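Chemist: Here it is, the structure, as structure tokens.
Readers should treat all values here as calculations from the given coordinates under stated rules, not as data from a laboratory. As the structure is a computational prediction, the values presented were derived from the model and not from experiment. No Cβ is skipped: glycine too gets one built from the backbone with ideal geometry, and neighbour counts run over all protein chains shown.
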Amino acid sequence: MVRLPRLMPLCLALTLACGALLEAAPAAQARGELPARARAAYRALLQGDLRRADVESALAVREQERSAVAWSVRGFILSRRGDKDGAVDAYRRAVKLDPLDPVARNNLGAVLLDSGKPDNAVIAFSHALRLRPRYADARNNLGAALERQGHLVEARRSYEAATVLDPKHAQAHNNLGAVQLKAGEIGPAAASFAKAAALDPEFAAPALNLALVGDPKDRDDAFFARLRAAAAKPGASATVKARVLAIRAGREADASRWEQARSLYLQALRLTPRDTALLNNVAVVEDQLGLDREAILHLGQALELDPDLEVAQNNIGIVHVHRGRPDLAKSVFADLLQQDPKFHRAHYNLGVVLASEGKVAEARRSFQAAARLAPRDASVRYNLALLSRRQDGDPSQELRAYREVLRLDPKLVEAHLAIGMLLADPSTPARLRDPAAAARHLRTFLELAMDSDEEGRGQATDWLAWLEANG
């Protein structure tokens, strides 16, 4: 039983490339050294008067054209106005006037990354870290830029380094969780999201991400209670209300209550119709319900809003797999890999389609490519083990592979069925057969498998009956 691909949920409000952490207040502000006009601009910004802050900062750089501090404040305010080009120009002026200011370098990188220029952002963050090696924000932001480039291993190291430099850096823990989730490491991702949520209860992203990961014991229920109370207040924003609905939808999906989950996601979308994560996640649920047209429609809407949203492109291919359209699916995955050769789930999904067509050697190459990019993805390892049986016929190697898979993910249901059947099968060499262990794995499969998996449940039940009759 080849493990079929599953649609990938998209973490909501993930702080990979934008957010308050990326730009720090200008260094002189922290030291209390702002010139009067720049100080007035910064004070106006804190008071929420962005128009006055803009005017004051423009006057500040006009009066003190060679003040690095004034230009740094100007960049900070322009970025909040959404004037990315103006902010980049201002920060570059600040850096030119004061080449030793790591905060200005970090902020320049933040705006460059937000402008879709990760290569330039990497240079800026790296320069900031040469000036201040223990700068946790810059280390976290470097991870975001590396991730945008597709360098997930390097991004992960950068996020991990940020959490070492500042163990209370909630955004770095959240971003580390996102990379772990992309690599198929569900448990570690849940732990990272839980850590982030505990460190900063006002930071919504990790609690939402926990709901998507689907590990009930790690969810921050206290945070959800506060969020729900905030949503109930008069005048609560649509975003807050949508977040509450999205968390509830994620929990319904965890329990396989697909109709309820879809209803809640659609309610959230009515409040925030341009939320690409919600569009993607309602499509995940619709695929479970067999609503392929609706799923593809919502994924298409997400891609209209964000043409580079690889998760949505990947999920369109998976819908085609689930509906028996392998040629369309292969075309989608091939296009995605041409855009991003490091997207390991596309390699994995292409391998599934090729395996279903009997193209074992090609499928194995795809799974091996996925394993190189994400060595801890248990589902990739599982499918490689199945192909090993077809090509090599070595049961001892197959057994070792299944055990490694279950070490990576003890709840991978197909692996429990596969190892149970291998240990029970009379054709397995006597030195490997283990009826008692086989029965344990088969029962675990029945506990974890969905009711809709009639074929797998039937196989497990038949093998258990055979073991009992031949015990």
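Chemist: Using a 10 angstrom Cβ neighbour count of at most 14 plus a DSSP loop assignment to flag exposed GluC sites (Glu not before Pro), which longest range of the chain is free of such sites?
Modeler: My reading of the result: 203-356 is the longest stretch.
Chemist: Tell me the net charge near Asp462. Cut-off is 15 Å between Cβ atoms, Asp462 excluded, with +1 for each Lys or Arg and -1 for each Asp or Glu.
Modeler: With Lys, Arg at +1 and Asp, Glu at -1, the neighbours total -3.
Chemist: Then there is this: With θ set to phi - 60°, apply the Karplus curve 6.51 cos²θ - 1.76 cosθ + 1.60 along region 286-293 and write out the HN-Hα couplings as whole Hz, x wherever there is a Gly or Pro.
Modeler: So the J values, rounded to whole Hz, are 5, 5, 4, 8, x, 8, 5, 4.
Chemist: Would you kindly derive the ³J(HN,Hα) couplings of region 418-435 from the backbone phi angles with the Karplus curve 6.51 cos²θ - 1.76 cosθ + 1.60 (θ = phi - 60°), listing them in order in whole Hz, with x for Gly and Pro?
Modeler: Those phi angles translate into 5, 5, x, 5, 5, 6, 8, 4, x, 7, 5, x, 4, 5, 9, 5, 8, x Hz.
Chemist: Taking the C-alpha atoms of the chain, how large are the radius of gyration and the largest Cα-Cα span, Dmax, in Å?
Modeler: 25.5, 92
Chemist: 7 Å from Cα along Cα→Cβ at both Asp451 and Arg257: what's the point-to-point distance in nm?
Modeler: For the pair Asp451/Arg257, the computed spacing is 1.4 nm.
Chemist: With the Cα gyration tensor of region 392-471 giving a ≥ b ≥ c as the square roots of its eigenvalues, does the rule (a/c under 1.5 for rounded; else a/b larger than b/c for prolate; else oblate) give rounded, prolate or oblate?
Modeler: The shape class here is oblate.
Chemist: Quick one: plug the Kirkwood hydrodynamic radius of region 237-310 (C-alpha pairs) into Stokes-Einstein at 4 °C, 1.567 mPa s, and report D in µm²/s.
Modeler: The diffusion coefficient I find is 108 µm²/s.
Chemist: Could I ask something else about it? Take the cross-link list Lys96/Lys117; Lys195/Lys411; Lys182/Lys411; Lys342/Lys411; Lys117/Lys195; Lys241/Lys411 and give me the ones stretching past 28 Å between alpha-carbons.
Modeler: Lys117/Lys195; Lys241/Lys411
Chemist: Please report how far the C-alpha centroid of region 407-471 lies from that of region 135-205, rounded to the nearest whole angstrom.
Modeler: Centre-to-centre distance over Cα atoms comes out at 37 Å.
Chemist: HN-Hα J couplings of region 243-257 from phi, Karplus 6.51/-1.76/1.60, θ = phi - 60°, integer Hz, Gly and Pro as x?
Modeler: Listing the rounded values in order: 4, 4, 4, 5, 5, 4, 4, x, 5, 5, 5, 4, 8, 6, 8 Hz.
Chemist: Please provide three numbers in whole Å: the alpha-carbon extents of region 49-201 along the principal axes, with the largest listed first.
Modeler: Principal extents (largest minus smallest coordinate, Cα): 55, 31, 25 Å.
Chemist: Per-residue ellipticity at 222 nm for the chain, helices alone: DSSP H runs ≥ 4 residues times -39500 (n - 2.57), over residue total, nearest 500 deg cm²/dmol?
Modeler: -23000 deg cm²/dmol
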